[in-house]
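In what follows, a structure is listed as structure tokens, so that the remarks can point back to it.
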Amino acid sequence: MRARTRHVRSATIRIETSLPVRRDVPSLSTETALAELRLTTRADHDRLERMLRLDAPMPLARYAAILARFDAFLRVWEPRLHAALPERLQSWFRARWRGGFASADVEWLRSVGEVGTPRVDAPAAAALPLIDLPEVLGSLYVIESSALGGHVVAPLLKRTLGLGQGSGASYFHGFGGDSAAMWSNFRVLAALEIGDSPRDTVRACMSARRSFGALIDLFAPLAPAEAPAAPRTAVAQRIAPALLMALGPEDDEATRPAPLADIHIDLPADGEADAGDTLVELPMDDEVDPGDTLRMPL
């Protein structure tokens, strides 16, 4: 029997993209997600700090009003976030719940301190989208990072109002000396779970901004009269322009910033392992020389 030879013709298909690509650059670092979260939420974080002024002495009535709002938010937010986490992370999160501290402080103020605390609802906490893990971690970033300020607030409350752990200031005392280690643990987990995906980084950043927005709305009635908070719509979007240009914002309220000139970093095209890396732009702090890149530890 005579053997037959089959000839197969091959073809190379070239897919054109609207963005220039390069193949000789490293992947997106897993630390980029945390750096972007910090950059994205910096304005919102500063705004909330100005509203609350927790680093300044305050009357007991104002402190009670602040605490009641944290309690109202966490009563809604913590169970929702727990349910949205994959089962493998739920026990990890349960060990970090801080809402019980706030509830205990509110009850102590009412029963022992004889301070009237307002009844507060937190509907925005119930409306936060917590669909996928990047969104959950972006929202969790807001509460986890806020716990770090307790080492400043707790001594001030002790000194000015006579409050302490178990006596009205358990929330700001938090987990005491373990707080720094717990923050480091969260940073490692968030970096690993979000990974090097630009799309997941954007989703985490948008979720963090929404969570800050919910807190800002909740505390707006307590903003000092001499320095009223500006409308939320006036706060410029700080998510990296490159990520938004490449993937597009999924939040209708997001503001797309203009890209910065002459500052580039190469990011991988998400889901396109064979297509090379996409050249896009990321914002850097003003003090950095043009052309430099910056790792921003939290």
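Given the conditions (1) exposed (fewer than 12 other Cβ atoms within 10 Å of the Cβ); (2) modelled with pLDDT of 95 or more; (3) under 30 Å from residue 151 (Cα atoms), report the number of the one that residue 89 does not fulfil.
It is condition (1) that residue 89 fails.
Can you name the number of the only condition in (1) open to solvent by 30 Å² or more (accessible area, probe 1.4 Å); (2) under 19 Å from residue 209 (Cβ atoms); (3) part of a helix (DSSP H, G or I) that residue 131 fails?
Of (1) open to solvent by 30 Å² or more (accessible area, probe 1.4 Å); (2) under 19 Å from residue 209 (Cβ atoms); (3) part of a helix (DSSP H, G or I), only one is false for residue 131: (3).
From (1) touching a residue at least 60 places away in the same chain (Cβ under 8 Å); (2) within 21 Å of residue 181 (Cβ to Cβ); (3) not basic (Lys, Arg), pick out the condition that doesn't hold for residue 140.
The single condition residue 140 does not satisfy is (1).
State which residue is surrounded by the fewest Cβ atoms within 10 Å (Cβ to Cβ) when the search covers only segment 92-128 and only residues that are of a type in the set (Ser, Thr, Tyr) and more than 20 Å from residue 174 (Cα to Cα).
111
Listed here are the residues, each with its yes/no results for (1) among the hydroxyl-bearing types (Ser, Thr, Tyr); (2) surrounded by fewer than 18 Cβ atoms within 10 Å (Cβ to Cβ).
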site: 152; (1), (2): no, yes
site: 168; (1), (2): no, no
site: 171; (1), (2): yes, no
site: 184; (1), (2): yes, yes
site: 192; (1), (2): no, yes
site: 217; (1), (2): no, yes
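Limited to segment 134-173, what total is found for residues that are over 13 Å from residue 204 (Cβ atoms), among the aliphatic types (A, V, I, L, M) and assigned to a helix (DSSP H, G or I)?
Of the residues in segment 134-173, 9 are over 13 Å from residue 204 (Cβ atoms), among the aliphatic types (A, V, I, L, M) and assigned to a helix (DSSP H, G or I).
Quick check on my filter: what residues within segment 44-61 are in a helix (DSSP H, G or I) and open to solvent by 80 Å² or more (accessible area, probe 1.4 Å)?
Across segment 44-61, the qualifying residues are 49, 50.
Checking the structure you have, find out if any residue of segment 111-122 is under 22 Å from residue 206 (Cβ atoms), at pLDDT 90 or above and assigned to a loop (DSSP other than H, G, I, E, B).
Taking segment 111-122 first, the residues under 22 Å from residue 206 (Cβ atoms) are 122.
If we keep only those that are at pLDDT 90 or above as well, we get 122.
Now drop any that are not assigned to a loop (DSSP other than H, G, I, E, B), which leaves 122.
Within segment 111-122, one or more residues are under 22 Å from residue 206 (Cβ atoms), at pLDDT 90 or above and assigned to a loop (DSSP other than H, G, I, E, B).
The values are calculated or read from the model by the stated rules, or taken from the named source; none is laboratory data. This is a predicted model, so every value here is computed, not measured. Because the Cβ atoms are built from the backbone with ideal geometry, glycine has one as well, and the counts that use them run over all protein chains shown. Just so you know, the surface numbers come from the protein's heavy atoms only, side chains and all, with ligands and any DNA or RNA stripped out. Shrake-Rupley method; radii C 1.70, N 1.55, O 1.52, S 1.80 Å.
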